[in-house]
2 protein chains.
Amino acid sequence: MKIAIDAMGGDFAPENIVKGVNLAKKELSDVTFQLYGDATKIREFLDNEVNVEIIATSEVIDFHDDPVTAIKAKKDSSLVRAVTAVKKGEADAVLSAGSTGALLTAGLLLVKRIKQVSRPALMSTLPTVDGRGFDMLDLGANTENTAQHLVDFAVLGSYYAENVRGIEKPRVALISNGSEESKGSPTVKEAHELLVAMPEINFIGNIEARDILTGGADVVVADGFTGNAILKAVEGTASVLMKQIKTAIMEGSLTTKIGGALIKKSLSGLKDLMSTDAAGGAAFVGLKAPVVKAHGNSSEFAIASALKQIHKMIESDVSGKLVKHFEALDK
Amino acid sequence: MKIAIDAMGGDFAPENIVKGVNLAKKELSDVTFQLYGDATKIREFLDNEVNVEIIATSEVIDFHDDPVTAIKAKKDSSLVRAVTAVKKGEADAVLSAGSTGALLTAGLLLVKRIKQVSRPALMSTLPTVDGRGFDMLDLGANTENTAQHLVDFAVLGSYYAENVRGIEKPRVALISNGSEESKGSPTVKEAHELLVAMPEINFIGNIEARDILTGGADVVVADGFTGNAILKAVEGTASVLMKQIKTAIMEGSLTTKIGGALIKKSLSGLKDLMSTDAAGGAAFVGLKAPVVKAHGNSSEFAIASALKQIHKMIESDVSGKLVKHFEALDK
């Protein structure tokens with residue numbers, strides 16, 4: 001299988017991207033890694049060229065570019081060229097740590113959505129206390145969603161959790177302002193009713209945002225605006241608390257400082273829980289092939305995780321199965 | 001001034017409610033505390049009856065009651081009687097730690113909304129790292145909001161922050177999926193445009209949920225569905241992380257345990273940041289008089305904080321000022 005990689009996207013490109021490929025290559029011997037970007041810079045960080053194709057490109061889309069304009073104007077950018085490879089069937093999937101907007105736009109325009117999927121969505125696997133994790137979508141590909149969109153998200157998330165994460169009958173829940181069936185916006189209530197009637201989805205009802213990190217569900221569905229807000233609230237709270245712990249220890253008494261030094265190792269375990277290194281990237285689901293966005297500030301380990309995740313997506317043919325599922329619907 | 005108090009509402013009523021009154025009485029000598037509930041049980045916990053009126057009631061609304069039904073059926077409940085006191089002008093404000101739904105319903109039906117306010121909202125003062133705090137609304141009184149609702153929330157929050165918290169020209173921000181003006185749902189974009197055109201509001205634009213705890217704004221406005229989800233995501237994340245820290249220390253090596261014991265005091269400071277004890281209650285704003293909901297599991301300190309908060313609300317006449325503001329609008 002072949003994975004097209006935008007080597008120039010992200011805050012630490014191409015270094016972390018290429019080093020991530022070096023790491024992933026050791027485990028994924030059946031993959032050809034196509035690196036799109038500045039060939040000289042790529043070779044600077046590449047261990048060797050076994051199972052690697054370097055495709056020289058002359059342009060880079062950055063975070064300031066307007067996505068739609070950039071996709072059309074920068075045809076020889078590493079991002080557009082990598083996504084185009086999937087469109088042409090020269091690659092099975094694409095990874096970029098560059099502009100989210102540009103990747104979503106290029107994915108939609110070039111890879112194209114599965115015809116019967118109303119709206120593709122951005123999905124990530126987030127950590128839970130029990131280590132099982134959960135998939136949450138939409139994290140912000142949309143700013144407004146209908147009940148039918150939410151139902152499609154439930155199907156996309158459920159297929160992903162089952163095929164890529166190997167979870168049998170994934171428990172799917174809908175974000176609401178209360179766990180009772182009667183709670184929710186009119187849109188959520190309508191989606192709730194539709195999901196209850198779908199035997200192919202293991203729908204467990206509503207979930208409150210306070211229960212997602214403790215493993216209340218395997219797939220958590222929200223409209224893009226709310227899902228984005230929840231993700232950022234979780235990130236912001238975790239970041240503030242970790243800083244507060246550090247400050248409390250650093251500015252504390254000598255006793256506190258000694259205590260802090262003694263528990264340092266345990267706290268780094270905590271940091272791992274909130275780290276994005278192991279989580280892989282955010283998948284843009286609902287398209288005909290895997291399109292994955294890694295964090296802009298991804299480490300080489302995060303890039304390697306994302307590549308392993310894409311490997312599972314291709315291997316399980318989750319996109320092909322979704323195409324079949326939606327084709328079979330009489331919409 | 002007189003504050004009507006539902007002495008029977010909440011998980012630890014009437015004990016924590018009455019003990020909270022004992023505490024608040026020491027600081028608020030100009031308040032008459034009207035305690036509605038079981039007179040015998042109330043007297044069991046009351047230090048003395050100086051500045052206290054006990055009004056015996058025979059019924060209690062609990063969390064399982066349907067709000068609308070309960071308000072109508074249990075006319076002699078401590079909650080309905082306390083809210084009715086405000087309606088009749090026998091009290092200036094009301095506090096309850098009982099059912100949120102019942103209090104919101106009773107507030108709407110009896111105290112009534114300010115005529116030109118499209119929708120009342122639930123608002124809390126949440127902690128920030130710098131200790132300044134911010135007011136966030138709507139936290140879930142509504143499940144769906146229009147742009148005009150959001151604009152009204154901005155006015156309500158701004159008046160509150162200025163009058164009750166003493167913040168000059170409070171910085172008001174709108175929750176969105178990006179800080180740029182171009183980001184947001186159609187509703188948020190419309191509200192953004194309206195707010196920019198209002199010189200009486202110090203509107204600083206959009207804010208992402210990840211920046212609220214670091215003091216990015218004094219007033220944070222969201223629709224009730226999103227605001228509720230953000231609040232619960234913050235609570236859930238804080239709770240999970242605090243538990244993880246404890247577990248990491250308890251299950252760690254002897255060294256870690258000793259370290260944990262040494263930093264215990266600093267960590268309790270962290271717990272304070274996330275504690276609701278000092279934060280007061282959630283105000284149901286947009287009504288003609290202050291209606292405040294304390295957490296169901298409020299400690300006596302949380303009840304005392306809520307009473308002090310209500311004292312400031314009455315003293316500053318924030319509700320009266322809001323009535324005037326909205327009357328002056330040519331809606």
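The values are calculated or read from the model by the stated rules, or taken from the named source; none is laboratory data. The structure displayed is predicted, hence computed values, not measured ones. Ideal geometry is used to build each Cβ from the backbone, glycine not excepted, and the neighbour counts take in all protein chains shown.
The condition of being within 11 Å of another protein chain (Cβ to nearest Cβ) and either closer than 17 Å to A:Gly140 by Cβ or surrounded by fewer than 21 Cβ atoms within 10 Å (Cβ to Cβ) (or both) holds for only one of B:Gly205, B:Gly224, B:Gly184, that being B:Gly184. Considering (1) surrounded by 24 or more Cβ atoms within 10 Å (Cβ to Cβ); (2) under 19 Å from the mean Cα position of the chain (by Cα); (3) under 19 Å from B:Ala141 (Cβ atoms), the lone condition that B:Leu104 does not fulfil carries the number (1). Is there a residue in the range A:168-180 that is within 9 Å of chain B (Cβ to nearest Cβ) and without any contact (Cβ under 8 Å) to a residue 12 or more places away in the chain? No.
Go through the range A:165-181 and give me each residue that's small (Gly, Ala, Ser), over 16 Å from B:Asn145 (Cα atoms) and crowded, with 19+ Cβ neighbours inside 10 Å. If you could, list the steps in order and put the result at the bottom.
Applying the first criterion (small (Gly, Ala, Ser)) to the range A:165-181 yields A:166, A:173, A:176, A:178-179.
Pick out the ones that are also over 16 Å from B:Asn145 (Cα atoms) and you get A:166, A:173, A:178-179.
The answer is A:Ala173, and nothing else.
Acidic (Asp, Glu) and away from chain B (no Cβ under 14 Å) - does that describe any residue in the range A:137-144? No: zero hits. The condition of being assigned by TED's automatic domain parsing to the domain that holds A:Tyr159 and modelled with pLDDT under 95 holds for only one of A:Val240, A:Val196, A:Val221, A:Val188, that being A:Val240.
Of all residues in the range A:1-60 being among the charged types (D, E, K, R) and in a loop (DSSP other than H, G, I, E, B), which is surrounded by the fewest Cβ atoms within 10 Å (Cβ to Cβ)?
Among residues in the range A:1-60 that are among the charged types (D, E, K, R) and in a loop (DSSP other than H, G, I, E, B), the one surrounded by the fewest Cβ atoms within 10 Å (Cβ to Cβ) is A:Asp30.
Apart from one condition, B:Arg165 fits all of (1) charged (D, E, K, R); (2) part of a loop (DSSP other than H, G, I, E, B); (3) closer than 28 Å to B:Lys308 by Cβ; (4) free of Cβ contacts under 8 Å to residues at least 40 places away in the same chain; the exception is (4). For the range A:192-202, taking the residues that are in a helix (DSSP H, G or I) and away from chain B (no Cβ under 13 Å), the one that is surrounded by the most Cβ atoms within 10 Å (Cβ to Cβ) is identified as A:Leu195. Looking only at residues of the range B:299-317 that are in contact with a Leu (Cβ under 8 Å, 6 or more places away or on another chain) and among the aliphatic types (A, V, I, L, M), we find that the one that is surrounded by the fewest Cβ atoms within 10 Å (Cβ to Cβ) is B:Ala304. Being within 30 Å of B:His325 (Cα to Cα), surrounded by fewer than 23 Cβ atoms within 10 Å (Cβ to Cβ), assigned by TED's automatic domain parsing to the domain that holds B:Asp317 and not hydrophobic (A, V, I, L, M, F, W, C) is the requirement here; does B:Lys88 meet it? Yes: the conditions hold for B:Lys88. Looking at A:Val129, A:Val117, A:Val111, A:Val94, just one residue is in contact (Cβ under 8 Å) with a residue 60 or more places away in the chain and in contact with a Ser or Thr (Cβ under 8 Å, 6 or more places away or on another chain), and that residue is A:Val129. When the range B:19-69 is filtered for residues that are charged (D, E, K, R) and closer than 25 Å to B:Lys312 by Cα, the ones remaining, listed by number, are B:Lys19, B:Lys25, B:Lys26, B:Glu27, B:Asp30, B:Asp47, B:Glu49, B:Glu53.
In the range A:279-305, of all residues being in contact with a Lys or Arg (Cβ under 9 Å, 6 or more places away or on another chain) and among the small types (Gly, Ala, Ser), the one that is farthest from A:Asp317 (Cα to Cα) corresponds to A:Ser299. Flag: A:Val155 matches the condition of being touching an Asp or Glu at 6+ places or on another chain (Cβ under 8 Å), more than 14 Å from chain B (Cβ to nearest Cβ) and either assigned to a loop (DSSP other than H, G, I, E, B) or not acidic (Asp, Glu) (or both).
Which one is nearest to the other protein chains (Cβ to nearest Cβ) among residues in the range B:241-256 that are closer than 16 Å to A:Ala261 by Cβ and surrounded by fewer than 18 Cβ atoms within 10 Å (Cβ to Cβ)? If we take residues in the range B:241-256 being closer than 16 Å to A:Ala261 by Cβ and surrounded by fewer than 18 Cβ atoms within 10 Å (Cβ to Cβ), then B:Thr255 is nearest to the other protein chains (Cβ to nearest Cβ).
Which one is surrounded by the fewest Cβ atoms within 10 Å (Cβ to Cβ), of the residues in the range A:208-221 that are within 9 Å of chain B (Cβ to nearest Cβ) and touching a strand residue (DSSP E or B) at 6+ places or on another chain (Cβ under 8 Å)? Even if it seems obvious, please write down each step before you answer.
Here is the first cut: in the range A:208-221, the ones within 9 Å of chain B (Cβ to nearest Cβ) are A:208-214.
Then drop every residue that is not touching a strand residue (DSSP E or B) at 6+ places or on another chain (Cβ under 8 Å), which leaves A:208-209, A:212-213.
On the way: A:Glu208: 21, A:Ala209: 28, A:Ile212: 27, A:Leu213: 25.
Taking the candidates together, the pick is A:Glu208.
Looking at the range B:126-143, which of its residues are outside any loop (DSSP other than H, G, I, E, B) and of a type in the set (A, V, I, L, M, F, W, C)?
B:Leu126, B:Phe134, B:Met136, B:Leu137
Per the conditions (1) surrounded by fewer than 19 Cβ atoms within 10 Å (Cβ to Cβ); (2) assigned to a strand (DSSP E or B), the sole criterion not satisfied by A:Val94 is (1).
The test for being touching a residue at least 12 places away in the same chain (Cβ under 8 Å) and assigned to a helix (DSSP H, G or I) does not hold for B:Lys72.
Quick grid of which residues meet (1) surrounded by 20 or more Cβ atoms within 10 Å (Cβ to Cβ); (2) closer than 29 Å to A:Ser179 by Cβ:
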| residue | (1), (2) |
| --- | --- |
| B:Lys115 | no, no |
| B:Pro127 | yes, yes |
| B:Gly131 | no, no |
| B:Phe134 | yes, yes |
| B:Glu144 | no, yes |
| B:Tyr160 | yes, no |
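Can you find a residue in the range B:212-224 that is outside any loop (DSSP other than H, G, I, E, B) and among the charged types (D, E, K, R)? No, the range B:212-224 has no match at all.
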